[in-house]
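Note sheet for the following structure.
The values are calculated or read from the model by the stated rules, or taken from the named source; none is laboratory data. In this text the structure is predicted, and so the values were computed from the model without any measurement. Neighbour counts run over all protein chains shown; Cβ positions are idealised from the backbone, glycine included.
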Amino acid sequence: MSQNVYTLPPNIIKDMQVNYSQSLVSAPQGAIFRAKTAHAVITAYKSGKVLFQGSAPEVEMAKWENKAAIKDQPKQTRRSVSNHSLAPPTTLFENDHIGSDESGTGDYFGPVTVACVYVKQEQIKLLRDLGIQDSKKLTDLAVQKLSKEIIQLRIPYSLLILHNEKYNTLQKQGWSQGKMKAMLHHHAIDTLLDKINDAPYDGILIDQFCTPDVYKRYIATEQEVLAPKTYFMTKAESYSIAVAAGSIIARASFLNEMDKLSENLGVPLRKGASKHVDQLIAKIIADKGYDTLNSCAKTHFVNTEKAKAYM
Ligand code: MN
């Protein structure tokens, strides 16, 4: 059983109670409220813990996932994340393999991008010498330059961009961001496997963002299964040059899309999800109307609410 618990601030728990006002049932002792929907039973406690149980709790969790503070998530859950049977053999990093990583998931503005890259054993040194590493450790300029260099080397890769309109539509249909990411990785890998035909590989490594079981559950809801030899590992970009290359191509694509969106809007968009972003949201709503956000932002992020403080 996965830990379906979020720790949420009191104002969000209040929002939830309003949101579920049509579905409230009698609350157990110590609870603020309990609601029952078609997908889950949601119980909020005075401690700030909110428990999601039932047949499809992820549907309800998706509505609130970005409101939970990551630092508040139980340590146990995070530690157990890497403790699974689909960890890669250490020999994978030095042999032919595929790596997949995403970008834009924590940024209020801009799309989610996923890139996966096929690296052959004899290319590993070349890529290391180029300076390929975790994109989070590189400046935007370096990311853009290295992405071009990887592509010029004709290293096989595939890139998917989930634009904001589609993201917001899926989110409103009940998709969690986790499910979107899983399906993007899955399709990117599928496309790359087609591209490389029968080229040999020792494994496919996904930079882990949820447990393999949860990932498998996400793709199973769309009648998909894992490709053979798929592995999961957190911080994979620090170990696998293929994942690192994927992280660079995905980030470069995200930055490129942000530039395009900024140009179309005539407003330079900000990365991340800080209070500067909240202020910018308020300005965009004032200048261009709320609907503009649908084409450039992940509107379910708590920032949309927080922007009200600046209006
Ligand atoms: Mn990653």
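At-a-glance table
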{"quantity": "Whichever residue in segment 227-259 is of a type in the set (Val, Ile, Thr) and assigned to a helix (DSSP H, G or I) and, among such residues, is nearest to the ligand (Cβ to nearest atom)", "calculated": "VAL243"}
{"quantity": "Qualifying residues in segment 199-226 (those that are within 16 Å of the ligand (Cβ to nearest atom) and under 28 Å from GLU149 (Cβ atoms)) - the one surrounded by the most Cβ atoms within 10 Å (Cβ to Cβ)", "calculated": "ILE206"}
{"quantity": "Every residue from segment 285-300 that is part of a helix (DSSP H, G or I) and surrounded by 20 or more Cβ atoms within 10 Å (Cβ to Cβ)", "calculated": "LEU293"}
{"quantity": "Members of segment 1-58 that are among the β-branched types (Val, Ile, Thr) and more than 23 Å from the chain's Cα centre (by Cα)", "calculated": "ILE13, VAL18, VAL25, ILE32, THR37, VAL41, ILE42, THR43"}
{"quantity": "LEU193 vs. criteria assigned to a helix (DSSP H, G or I), within 27 Å of LEU130 (Cα to Cα), out of contact with any Leu (no Cβ under 7 Å at 6 or more places or on another chain) and away from the ligand (no atom under 14 Å from the Cβ)", "calculated": "yes"}
{"quantity": "Test result for ARG251, farther than 21 Å from PRO156 by Cβ and modelled with pLDDT of 95 or more", "calculated": "no"}
{"quantity": "Single condition SER103 does not satisfy, out of (1) surrounded by 15 or more Cβ atoms within 10 Å (Cβ to Cβ); (2) of a type in the set (S, T, N, Q); (3) more than 19 Å from ASP207 (Cα to Cα)", "calculated": "(3)"}
{"quantity": "Cβ pairs under 8 Å, 6+ apart, first in segment 186-211 and closer than 16 Å to ALA250 by Cα, second of a type in the set (Lys, Arg) and within 16 Å of the ligand (Cβ to nearest atom)", "calculated": "ASP207/LYS235; PHE209/LYS181"}
{"quantity": "Filter pass, GLU263 being away from the ligand (no atom under 16 Å from the Cβ), modelled with pLDDT of 95 or more and not in a loop (DSSP other than H, G, I, E, B)", "calculated": "yes"}
{"quantity": "Residue match in segment 176-190 (condition: in contact with a strand residue (DSSP E or B) (Cβ under 7 Å, 6 or more places away or on another chain) and farther than 20 Å from ASP107 by Cβ)", "calculated": "yes"}
{"quantity": "Of all residues making up segment 121-145, the number that are more than 16 Å from the ligand (Cβ to nearest atom) and in contact (Cβ under 8 Å) with a residue 24 or more places away in the chain", "calculated": "8"}
{"quantity": "Total residues in segment 90-120, condition out of contact with any helix residue (DSSP H, G or I) (no Cβ under 7 Å at 6 or more places or on another chain) and either away from the ligand (no atom under 13 Å from the Cβ) or acidic (Asp, Glu) (or both)", "calculated": "6"}
{"quantity": "Strands (runs of 3 or more DSSP E) lying entirely in segment 1-65 (those with 2 or more residues that are among the aliphatic types (A, V, I, L, M) and under 24 Å from CYS210 (Cβ atoms))", "calculated": "41-45, 49-53"}
